[in-house]
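Structure first, commentary second.
The values are calculated or read from the model by the stated rules, or taken from the named source; none is laboratory data. Remember, it's a predicted structure, so these values are computed and weren't measured experimentally. With ideal geometry, Cβ positions are generated from the backbone for all residues, glycine too; neighbour counts draw on all protein chains shown.
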Amino acid sequence: MLDAYQFVIQHPKMLAGWVVDHLCISLVAIIIGTVLGVTLGIFITGKGRQQIAEVVLYFAEIMMTVPSLALFGLLMILLGSLGFSAIGFLPAVIALIVYGQLPILRNTYTAIRQVDPAMIEAGRGMGMSERQLLLRIRLPLALPVIMAGLRNAMVLIIGIGTIAALIGAGGLGVPIFRGLRNARTDLIIIGGVSVSALALLVDGLMALFERLITPKGLRE
């Protein structure tokens, strides 16, 4: 533990670089994954789309069972054959987006579907259109559950992001795997503790953000 502390004191810029790389990869994946997951989750809640919803959620569940190294490898082959960069930032972000979809999709779908039908009928009685019902009733009431899915996805993405170091994407996986190769316990501790701290920090910030945007009546 003392060796890890000394390394941080002696090489703060190196650690900062790993943290910045990890944040860049994770945040891009989180932003894109949130847009895709919430949009698709809203779409599959539409009337007559029950079978589509089952297929989409089943596919997302299957993708979660694919080992991370296998998915990175498949993406490297696929992107390379298409002429894109097969290592580094691009395959890492795509893989993390895929892994983050299940909690976002499932929570969005479940939350919107479980909105009290009486609230929907009351909105229709007031002359609201389907779009207004979605924006003014369904989404506000579903927001706490959707945010819980986003928080789970963020923690998951930050954790799995360590594997991205194996394909040249950088991040906090670099000290972990470097420590494993060279039997450097200090580097393993630095990488592991930093990833955990980063995940807890992001989760805490998201909890604060969730409280700020959740309607007052639902918070109480």
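Just one of the numbered conditions (1) part of a helix (DSSP H, G or I); (2) without any contact (Cβ under 8 Å) to a residue 12 or more places away in the chain; (3) out of contact with any Lys or Arg (no Cβ under 9 Å at 6 or more places or on another chain); (4) not aliphatic (A, V, I, L, M) is not true of ARG151; which one?
(2)
So is ARG106 assigned to a helix (DSSP H, G or I), among the charged types (D, E, K, R) and under 27 Å from LEU71 (Cβ atoms) or not?
So ARG106 fits the description; yes.
For segment 155-193, which positions are part of a loop (DSSP other than H, G, I, E, B) and either among the basic types (Lys, Arg) or surrounded by fewer than 18 Cβ atoms within 10 Å (Cβ to Cβ) (or both)?
Within segment 155-193, GLY168, ALA183, ARG184 qualify.
Under 6 Å between Cβ atoms, which residue pairs at least 6 apart in sequence (or on different chains) link something in segment 202-220 that is over 17 Å from ALA111 (Cβ atoms) and of a type in the set (A, V, I, L, M) with a partner that is surrounded by 10 or more Cβ atoms within 10 Å (Cβ to Cβ) and at pLDDT 85 or above?
From segment 202-220, the pairs are VAL202/MET154.
Could you say whether any residue in segment 63-72 is surrounded by 13 or more Cβ atoms within 10 Å (Cβ to Cβ), aromatic (Phe, Trp, Tyr) and modelled with pLDDT under 90?
Looking through segment 63-72, at least one residue is surrounded by 13 or more Cβ atoms within 10 Å (Cβ to Cβ), aromatic (Phe, Trp, Tyr) and modelled with pLDDT under 90.
Only one of these is under 27 Å from ILE176 (Cα atoms), outside any helix (DSSP H, G or I) and small (Gly, Ala, Ser): SER26, SER85. Name it.
None of the others qualify; the one that does is SER85.
Conditions tested, residue by residue: (1) among the β-branched types (Val, Ile, Thr); (2) out of contact with any helix residue (DSSP H, G or I) (no Cβ under 6 Å at 6 or more places or on another chain); (3) modelled with pLDDT of 90 or more.
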| residue | (1), (2), (3) |
| --- | --- |
| ILE146 | yes, no, yes |
| GLY149 | no, no, yes |
| VAL155 | yes, no, yes |
| ILE160 | yes, no, yes |
| GLY168 | no, yes, no |
| ILE176 | yes, no, yes |
| ASN182 | no, yes, no |
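Answer yes or no as to whether LEU135 is surrounded by fewer than 16 Cβ atoms within 10 Å (Cβ to Cβ), of a type outside the set (S, T, N, Q) and assigned to a helix (DSSP H, G or I).
yes
Say we look at segment 22-57 and pick out the residues that are within 30 Å of ILE189 (Cα to Cα) and out of contact with any Phe, Trp or Tyr (no Cβ under 9 Å at 6 or more places or on another chain); which of these is surrounded by the fewest Cβ atoms within 10 Å (Cβ to Cβ)?
ILE31
Any residue at all in segment 194-202 that's surrounded by 20 or more Cβ atoms within 10 Å (Cβ to Cβ), closer than 20 Å to LEU15 by Cα and polar (S, T, N, Q)?
Yes.
Kindly check whether there is at least one residue in segment 6-23 that is part of a helix (DSSP H, G or I) and of a type in the set (Lys, Arg).
Yes, that holds for at least one residue.
Could you check, for segment 38-46, whether at least one of its residues is aliphatic (A, V, I, L, M), closer than 28 Å to GLY88 by Cα and either at pLDDT 95 or above or within 18 Å of the chain's Cα centre (by Cα) (or both)?
yes
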